[in-house]
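Below is one structure, written out as structure tokens; the observations come after it.
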Amino acid sequence: MRTVRQIFAVFRKELVDGARDRRSISSLAYSAVIAPLLFGLMFTVAAERRKSADEIRLPVQGAEHAPAFVDWLTQQSGVTIVAAPTDAEQAVATHDEDVVLIIDDQFGRDMARAVPATVKLVSDVTRENARMKVARVRNLVATYSGMTGGLRLLARGVAPGVATAIRVEDV
């Protein structure tokens, strides 16, 4: 019983000393004020990045080679197609553009022959600010590719579901 009293006395003494220490009180007060501000700033920056990825201005070079693809891109929400700069790589390197889509001049011929058509996505993977925009453009291209592939299968009398070997269900 005596040991418990001694522990309690030491504990009480430490609490009183800690409460008297100005540095501990001021650091506690500063962290209580600064932490919510930092979290608010971080969430605001994250929300702005997400918003900028939802509304993108997409420079497209070679749009005349794929009018159906460019029309489909234009119909997607938040996508504005603009003319690409003359030097796409330089525009991305100098941060004038986040991403540039270059459509190969053989795109129409390859699509007509039902072979994979080539597009190039010029971006700087080291730029954190551009990652969400690049991911959105990559997703748009993949969606169009999947839709076109499905239509090709239907045209040949094959169900598009045959191309999907595994289906994931979220639980």
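The values are calculated or read from the model by the stated rules, or taken from the named source; none is laboratory data. Since this is a predicted model, take the numbers as computed values, not measurements. Ideal geometry is used to build each Cβ from the backbone, glycine not excepted, and the neighbour counts take in all protein chains shown. Accessible surface is based on the protein model in full, side chains and every heavy atom, while ligands, DNA and RNA are left aside. Shrake-Rupley method; radii C 1.70, N 1.55, O 1.52, S 1.80 Å.
Observations on the model:
- Surrounding net charge for residue 81, when Lys and Arg each add one and Asp and Glu each subtract one, Cβ distance under 15 Å: -2
- What the pair-distance distribution of the stretch 43-151 shows, using all Cα-Cα distances binned every 10 Å from zero, is 14, 46, 31, 8, 1 percent.
- Percentage of interatomic Cα-Cα distances in the stretch 63-110 larger than 16 Å: 47
- Per-residue packing, averaged as other Cβ atoms within 10 Å, sorts the ranges 106-116, 4-14, 133-143 into the order 133-143, 106-116, 4-14, beginning with the highest.
- 5 angstrom amide H check on residue 81, placed H, neighbours 5+ away: 58
- Computed [θ] at 222 nm, helices only, for the chain once each DSSP H run of length n ≥ 4 contributes -39500 (n - 2.57): -19000 deg cm²/dmol
- Only Lys, Arg, Asp and Glu carry charge here, each on its Cβ (+1 for the first two, -1 for the last two); on that basis the chain has a dipole of about 1260 debye about its Cα centre.
- Each of 16, 125 has its accessible area taken with a 1.4 Å probe; listed largest first, they run 125, 16.
- Principal axis extents of the Cα atoms in the stretch 88-171, from largest to smallest and rounded to whole angstrom, are 48, 43, 12.
- Angle in degrees between helix 2-20 and the longest Cα principal axis of the chain, rounded to the nearest 10: 70
- Sum of side-chain charges, residue 114 neighbourhood, beta-carbon under 13 Å (Lys, Arg +1; Asp, Glu -1): +3
- Expected-Rg normalisation [2.2 N^0.38 Å, Cα atoms] applied to the stretch 1-104: 2.30
- Fraction of antiparallel bridges per DSSP, the chain only, in percent to nearest 5: 40
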